[in-house]
Amino acid sequence: MTVQPKITRGHSACPHDCPSTCALDVEVIDGKTIGRIHGSRDNSYTAGVICAKVARYAERIHHPDRLLYPLKRTGPKGSGRFERISWDEALDTVAERFRAVEAEYGAEAVWPYYYAGTMGLVMRDGINRLRHVKKYSGQFSTICTTSAWTGYIAGTGLLAGADPREMAKSDCVVIWGTNAVHTQVNVMTHALRARKERGAKIVAIDIYMNATMKQADMALLVKPGTDGALACAVMHVLFRDGHADRAYLAQYTDCPEELEAHLKTRTPEWAAAITGLAVEEIEAFARLLGERPRAYFRLGYGFARQRNGSVNMHAALSVPAVLGAWQYEGGGAFHSNSGVYGWRKTMIEGLDALDRSVRQLDQSQIGRVLTGDAEALRGGGPVKALLIQNTNPVSVAPEQELVKRGFAREDLFVCVHEQFMTETALMADIVLPATMFLEHDDLYQAGGQQHILLGPKLVEPPGECRSNHEVIAALAERLGAEHPGFAMSPRELIDWTLENSKRGKLAELEENRWIDIQPPFRRAHFLDGFNWPDGKFRFKPDWTKVPAPRSGLFGPHETMPALPDHWTAIETADERHPFRLATSPARNFLNSSFTETPTSAQKEGGRPELFIHPQDAAASGIEDGMLVAIGNSRGTVRLHARLYDGVRRGVLIAESIWPNASFVDGRGINTLTGADQVAPYGGAAFHDNRVWLRRAEQIRA
């Protein structure tokens, strides 16, 4: 008789760097392995829908290439030559090297470096507890959110907005600067419901005809970095044609008359010349909004990853204010709810030990930091040791040639705590095997929605994998770092954080699986005033005083426009670099995660490709599938051409962050991206690169 495996259903939350933070139902087989993962139907935002890459997570968690044991490097950096060692030897080595570096160069010579490989508050942010207690160098996290959050908060004063479930109650859903089909599938769930149930129109605004654009009723294909011009022209038409809600503007905004006067010259003809859109397309979009003021603006991250990104975000956010869309259920705007949680993370992060005199190094400038750039080092000494969790900078950080050069330093000690042998792990001296999200307890907050979710441990980790919390606590003990958080279990940290943030107790969250913290309608729609002392939406923000995360003023902030506008701070194409390149997200990868799973790689075509307009290809003698080269002052990358008429002429798209090793020369796409800080508070302009394009044989490898 064949014994059928026992399948139970566990509950969790997706840990990956995606705004959806889906509530999950997980098939657990015989208490040891997982089967299929499903979206929770009884969660009002997830609504039973998750992306395919997470649905097949068994392929990742049970992957034969997972790291299982601590390793010590035995060959040259990057050679892949390691030997297995014990946890005690590994942790003792790391602690010994950190103590030696601190003794010779000071505590700031050690840099704990992390990001969003997991979004769990305990496992992601616990590294800061060690940082603060030991006074190691701080990290200013700029690689993802800085320019977008700054632009949004410049208008509203708070990182919050209309309930994202209200998209289903909208008459017009505007998906601006985000390929939701690839990056947050639940946006489409609610937008498509509005279309089906209300006859709503879906408008998508992006720089190439991606999967979201193809599902839209109106797809506006703009040139990269020109979103501000489109927003201004739309507002011009709203004022011109009597669709600006003047009563709303008078009550809720700071300077509507000045804005209207400013927009007199920002005509559709003016914007058409900048954006590449036809005048008729701009007029049609504005007319649609005028007819449907119950319009929901879902503003993404992508269009803010330009050197004028904060200005573009603020300009797009200004449109629903002119329209008065905030007054309606199903209207207004949303980017992230990260500003509404009110966490007290003292115990997780050791905030009671934070010393604000310790330097903060820019995460995006890790290449400059590790190669000794004095400005990037903030005038301090060199970084001599790194502890890396939850990120893969040798693949994902900009200015890859500098990053690789920095990691190749023989005097740099690197410990990487990882799930797979990433390209960053290959450059490490000590590699530690890490758990995945179903193998430890953690607490999650959603960015693109409004739930606090629990992710409990459902299966045992393979081999000798340990969680981030276990590693940080073990290092703290060896380093003499004292804080109550090191002695607490993840469950105790979750319970403490919930209780001290006035979010109940762990037992309650465990029973209910999530907490819906969506603010009341009036507060979410700012109907009692925006989050400024006078309650007014800011068309005219003081860019030097936006209450967004900051570590100083950067970039050409002095020349930022006072009112919404097209700001020409981008890397414009020139004679030598006639193309503009964006590194847009792929459907089956998430940054550098999932690149190791065979199904994801297969579905992405098995190799990096470059989307080129057929006419641009013909002009350069390039055929479909041909090996081509693109380059700029930062370096040269070779990959294969994919002819696609869904990009504008002069625009190139390279989807995803394939490992550097997937490129024929071992140089990945972030060879071409810059780490110069975006105004006003910094950030990485991943989609703002001017490049040249040639047949590969026309250049030297």
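The values are calculated or read from the model by the stated rules, or taken from the named source; none is laboratory data. Note that the coordinates shown come from a computational prediction; the quantities given were computed from them, not determined experimentally. Glycine gets a Cβ as well: all are built from the backbone with ideal geometry, and neighbour counts include every protein chain shown. Ligands, DNA and RNA are stripped out before the accessible areas are found, and what is left, the full protein with its side chains, is counted by its heavy atoms. Shrake-Rupley method; radii C 1.70, N 1.55, O 1.52, S 1.80 Å.
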Notebook entry, point to check: Can you tell me which of 458, 432, 453 is crowded, with 24+ Cβ neighbours inside 10 Å, farther than 30 Å from residue 296 by Cα and of a type in the set (A, V, I, L, M)?
Noted result: 432
Margin query: I'm checking my understanding of the structure. Among residues of the stretch 1-50 that are of a type in the set (Val, Ile, Thr) and not in a strand (DSSP E or B), which one is nearest to the chain's Cα centre (by Cα)?
Written below: 21
Note to self: Under 6 Å between Cβ atoms, which residue pairs at least 6 apart in sequence (or on different chains) link something in the stretch 357-373 that is outside any helix (DSSP H, G or I) with a partner that is aliphatic (A, V, I, L, M)?
What the structure shows: 361/369; 371/402
Note to self: When you check residue 586 against the structure, is it small (Gly, Ala, Ser), in contact (Cβ under 8 Å) with a residue 60 or more places away in the chain, touching a Phe, Trp or Tyr at 6+ places or on another chain (Cβ under 9 Å) and not in a strand (DSSP E or B), yes or no?
What the structure shows: yes
Notebook entry, point to check: Taking the stretch 179-191, which residues are farther than 11 Å from residue 18 by Cβ and part of a loop (DSSP other than H, G, I, E, B)?
Noted result: 179
Check: Of the residues 214, 223, which is in a loop (DSSP other than H, G, I, E, B), on the phi < 0 side of the Ramachandran plot and charged (D, E, K, R)?
Finding: 223
Item checked: Checking residue 357 against (1) under 30 Å from residue 379 (Cα atoms); (2) surrounded by fewer than 23 Cβ atoms within 10 Å (Cβ to Cβ); (3) within 23 Å of the chain's Cα centre (by Cα), the condition it does not meet -> (3)
Next item on the list: Assess whether residue 542 counts as being crowded, with 18+ Cβ neighbours inside 10 Å and more than 30 Å from residue 423 (Cα to Cα).
Entry: no
Check: In the list 482, 508, 492, 477, which residue meets the criterion of being open to solvent by 50 Å² or more (accessible area, probe 1.4 Å), more than 26 Å from the chain's Cα centre (by Cα) and within 26 Å of residue 46 (Cα to Cα)?
Finding: 508
Notebook entry, point to check: Going through the stretch 54-71 one residue at a time, which ones are farther than 13 Å from residue 598 by Cα and of a type in the set (Lys, Arg)?
Noted result: 66
Check: Does residue 315 satisfy the condition of being assigned to a helix (DSSP H, G or I), buried (at least 24 other Cβ atoms within 10 Å of the Cβ) and of a type in the set (Gly, Ala, Ser)?
Finding: yes
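For (1) touching a helix residue (DSSP H, G or I) at 6+ places or on another chain (Cβ under 8 Å); (2) open to solvent by less than 40 Å² (accessible area, probe 1.4 Å), each residue gets a yes or a no:
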residue: 44; (1), (2): yes, no
residue: 48; (1), (2): no, yes
residue: 58; (1), (2): no, yes
residue: 64; (1), (2): no, no
residue: 69; (1), (2): no, no
residue: 84; (1), (2): no, no
Check: Consider residue 78 against the criteria (1) touching a Lys or Arg at 6+ places or on another chain (Cβ under 9 Å); (2) under 19 Å from residue 515 (Cα atoms); (3) open to solvent by 20 Å² or more (accessible area, probe 1.4 Å); (4) part of a loop (DSSP other than H, G, I, E, B): it satisfies all of them except one. Which criterion is unmet?
Finding: (2)
Next item on the list: For the stretch 230-240, indicate whether the set of residues that are in contact with a Ser or Thr (Cβ under 8 Å, 6 or more places away or on another chain) and open to solvent by 10 Å² or more (accessible area, probe 1.4 Å) is non-empty.
Entry: yes
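Listed here are the residues, each with its yes/no results for (1) among the small types (Gly, Ala, Ser); (2) at pLDDT 95 or above; (3) open to solvent by 50 Å² or more (accessible area, probe 1.4 Å).
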residue: 518; (1), (2), (3): no, yes, no
residue: 529; (1), (2), (3): yes, yes, no
residue: 558; (1), (2), (3): no, yes, yes
residue: 561; (1), (2), (3): no, yes, no
residue: 568; (1), (2), (3): no, yes, yes
Note to self: So if I check each of 25, 92, 42, 30, which one is among the acidic types (Asp, Glu) and at positive phi?
What the structure shows: 30
Margin query: Considering only residues that are of a type in the set (A, V, I, L, M, F, W, C) and within 17 Å of residue 52 (Cα to Cα), which ones fall in the stretch 591-614?
Written below: 594, 601
Notebook entry, point to check: For the stretch 24-37, which residues satisfy the criterion of being open to solvent by 20 Å² or more (accessible area, probe 1.4 Å), over 18 Å from residue 597 (Cβ atoms) and not charged (D, E, K, R)?
Noted result: 29, 31
